[in-house]
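Working notes, structure below.
The values are calculated or read from the model by the stated rules, or taken from the named source; none is laboratory data. These numbers come from a predicted model, not from an experiment. A quick note on method: Cβ atoms are made from the backbone with ideal geometry, for glycine too, and the neighbour counts reach across all protein chains shown.
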C-alpha cells in the first residue's frame, strides 16, 4: 500500500512540475502546448508506473558491464516471485489510481464550496466579502478544465494495461473502471463545475491518437516476452505439507 501511494504521489508531483516547465517555454498555441504537456506527463506516468516496477528489482547479470553494475536486484525475468511481489503492487497501484480522478474532483468541489461558504461568513444568505469584481469571478467561477491531464491519465492506464494485462488479466476490468469513472465524473464536472473549456484545434487529439498506436506494439512485445517464459508455463504449486514430507523423505 505504501509503495502504491508513493507512486501516485510522485505522479502528482511530476504532473505539476511538467505543466510548470512547459508553460515556461511559451509555445505558440494552446493546443500545441497542451500536446507537449500531455506527452511529457504521460511518459513520466508510464515510466514511474510501468517501467520502474520492472527495473527496481531487476538483475541484469550477463547483459553488459554497466547494466550488471547498475541493476543488481533479485529477479532476472518475469517469474512467480515477480508476480507475487511486483505484480501485486502494480495491481494495487492501478486499482487505487482508478479512483484518483473521482477523489480529486470531489475534493475540488468540496474545497471550492467551503471557500464560497466562508466568503459569505458561513451564512447561507450572507453577502460576499470580495472587494473587486475579479475576486468574485475567480471565487465563484469553476476551475479550468485540464484536458491534457486527463489524456495523460487515460494513456498511462491503457499502456500499462496492455503491457501487463495478458499475465495480469485483472488489469482489464480495472482499466474499464478507470475509464468509466473518468467519463462519468468529467462529464458531470464539465456541465456543472468547470469553466467553459478552451476551444482546442485538432493538434492535441491527433497527437494522442498518434501515440496510442504504439500501445499495441508494447502489448505484443511484452506478451511475447512473458508468455515465452517456460518457467511461468511449467510452474506448479505444491502444498506446504507435501513439500515438508518430501524434504523429510
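Structural remarks
- For region 200-222, the set of residues classified as in contact (Cβ under 8 Å) with a residue 40 or more places away in the chain and over 27 Å from residue 29 (Cα atoms) consists of 215, 216, 218, 219, 222, listed by residue number.
- Inclusion of residue 39 among residues that are on the phi < 0 side of the Ramachandran plot and loosely packed, with under 15 Cβ neighbours inside 10 Å is not warranted.
- Residue list for region 167-179, filter: within 23 Å of residue 34 (Cα to Cα) and surrounded by fewer than 17 Cβ atoms within 10 Å (Cβ to Cβ): 179
- Matching entry among 95, 106 (being modelled with pLDDT of 85 or more, surrounded by fewer than 16 Cβ atoms within 10 Å (Cβ to Cβ) and under 29 Å from the mean Cα position of the chain (by Cα)): 106
- Top-ranked residue of region 111-146 - restricted to ones that are surrounded by 13 or more Cβ atoms within 10 Å (Cβ to Cβ) and part of a helix (DSSP H, G or I), ranked as nearest to the chain's Cα centre (by Cα): 112
- Meets criteria (free of Cβ contacts under 8 Å to residues at least 24 places away in the same chain and touching a helix residue (DSSP H, G or I) at 6+ places or on another chain (Cβ under 6 Å)) for residue 107: no
- Check on residue 157, under 10 Å from the mean Cα position of the chain (by Cα), part of a helix (DSSP H, G or I) and farther than 19 Å from residue 22 by Cα: yes
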